[in-house]
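Right, one structure below, let's go through it.
Just so you know, all these numbers are worked out from the coordinates, no wet-lab data involved. In this text the structure is predicted, and so the values were computed from the model without any measurement. Glycine also receives a Cβ, built like all others from the backbone with ideal geometry; neighbour counts cover every protein chain displayed.
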Amino acid sequence: TSPNYQIIASLDFARRQMSLEGYELVRQSMLLAWELRHKIKSSTLLSKYFTVLDDQQLIPEEYLENPSSTSTSHLYYAELFNKFRQQLFSVDLTRITLDISATGIDGPNFRQMLMTQYDIQVNKTSHNTLLFIINIGTKANSIQYLLESLHHIAAKLGHARATPCTEKYVANLPLTRNYHDRFIDVRSRYKGGYQAVDIRCAYYAGFQEENVEYILLSTELLKQAMEELQLVSAGFVTPYPPGFPIIVPGQLITYDLLLYLQNIQIKEIHGYHSNKGLKVFRPDFLQG
């Protein structure tokens with residue numbers, strides 16, 4: 001809230017840069033992103049272990065309209081803006097999602113390898129994908145170094161004869177959230193469709209010790225959940241990465257959610273205490 005002249009000056013410089021150079025900088029970023037995508041796809045060695053995910057893989061089929069070809073740079077770039085105007089959804093060209101299933105290495109471990117052995121920062125991963133972000137600060141030599149690093153990794157994998165990690169079971173995150181009636185507005189409870197949920201009430205109720213208890217994630221808990229054991233979250237549960245909550249206060253913790261938590265290979269999960277477990281509401285509080 002207090003003026004900081006260094007920050008104000010940097011913001012003013014960024015505004016000036018956007019006004020005078022913005023179009024060209026963004027154009028260069030998009031061309032570098034296309035180059036990275038194209039070279040991974042066209043390389044016999046890289047395409048054996050890495051797959052660039054495009055509209056066809058990332059957008060639901062019902063929203064996919066006339067997917068563009070990326071066979072030649074001039075045609076693709078010329079059609080790009082028409083594609084953005086005409087399609088309801090389109091993958092951001094500068095966000096490159098790379099499927100690494102064929103390497104036999106999961107996302108978090110691959111990210112760690114890139115950081116420690118190649119000094120390449122990757123912020124977003126899943127079990128079998130990495131996300132590379134191209135911005136106006138990215139230069140051609142950075143793209144070349146990334147490609148060389150991926151070539152080096154692929155060459156080592158070729159000697160090691162890696163086993164695809166798709167053979168390993170990965171639980172899917174349930175897309176539907178359900179909430180306890182105590183936190184659902186009465187007007188929306190019987191209408192179906194979307195629910196009006198008072199997450200604020202559930203969030204602050206979770207700070208009262210007499211309202212909550214902790215339950216450790218275990219095989220026995222999964223069995224109880226299959227037998228309709230009702231658990232209601234008293235807090236946020238957020239794995240890092242990617243850093244968005246998969247469970248929120250007042251939400252019913254289902255068997256599928258517990259199975260997902262048990263199988264994800266992420267060490268940093270905010271809201272889950274390794275020695276205490278998940279924070280849930282006591283049955284007597286929910287009935288009160």
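Segment H151..L11, full-extension length gain: 46.5 nm, with 0.36 nm per residue of separation and the alpha-carbon distance subtracted.
Taking the mean number of other Cβ atoms within 10 Å as a proxy for protection, how do you rank 266-277, 39-50 from highest to lowest? All intermediate terms of the calculation are to be shown ahead of the outcome.
Numbers: 266-277: 12.9, 39-50: 15.9.
Going from most to least packed, we get 39-50, 266-277.
Inter-label distance, R95 to L222: 3.1 nm, where each label sits 7 Å from its Cα along the C-beta direction.
Largest first, the three principal axis extents of the alpha carbons in segment 220-283 are 31, 21, 21 Å in whole numbers. Shown here is the pair-distance distribution of the chain: with all Cα-Cα distances grouped in 10 Å bins from zero up to the longest one, the shares run 5, 20, 24, 23, 19, 8, 0 percent.
Based on a Kirkwood Rh over C-alpha pairs, give the Stokes-Einstein translational diffusion coefficient of segment 181-287 at 37 °C and viscosity 0.692 mPa s in µm²/s. Could the numbers behind the result be given before it?
On the way: Rh = 14.5 Å.
Translational diffusion coefficient: 227 µm²/s.
The label point for K276 and the one for L31, both projected 7 Å from the Cα toward the Cβ, are 5.6 nm apart.
Against the main long axis of the alpha-carbon atoms of the chain, helix 73-86 sits at an angle near 40°.
Here the relative contact order of the chain, from alpha carbon pairs under 8 Å that lie six or more residues apart, stands at 15 percent. Averaging the sequence gap over all C-alpha pairs within less than 8 Å and six or more residues apart, then dividing by the number of residues, gives segment 181-287 a relative contact order of 31 percent.
Quickly rank 245-255, 14-24, 136-146 as a protection proxy: mean count of other C-beta atoms within 10 Å, highest first. Intermediate values should be presented prior to the final figure.
Numbers: 245-255: 20.7, 14-24: 11.2, 136-146: 13.5.
Highest mean packing first, the order is 245-255, 136-146, 14-24.
Mind sorting I96, I7, I184 by how few other Cβ atoms lie within 10 Å of their own Cβ, fewest first?
Numbers: I96 21, I7 9, I184 17.
Ascending number of Cβ neighbours within 10 Å: I7, I184, I96.
With respect to the chain, whose longest principal axis is taken over its alpha-carbon atoms, helix 107-118 is tilted by about 40°.
Among F281, F236, rank each residue by its count of other Cβ atoms within 10 Å, from fewest to most, as a rough exposure measure. Let's see the in-between values first.
On the way: F281 25, F236 18.
Arranged by neighbour count, lowest to highest, F281, F236 become F236, F281.
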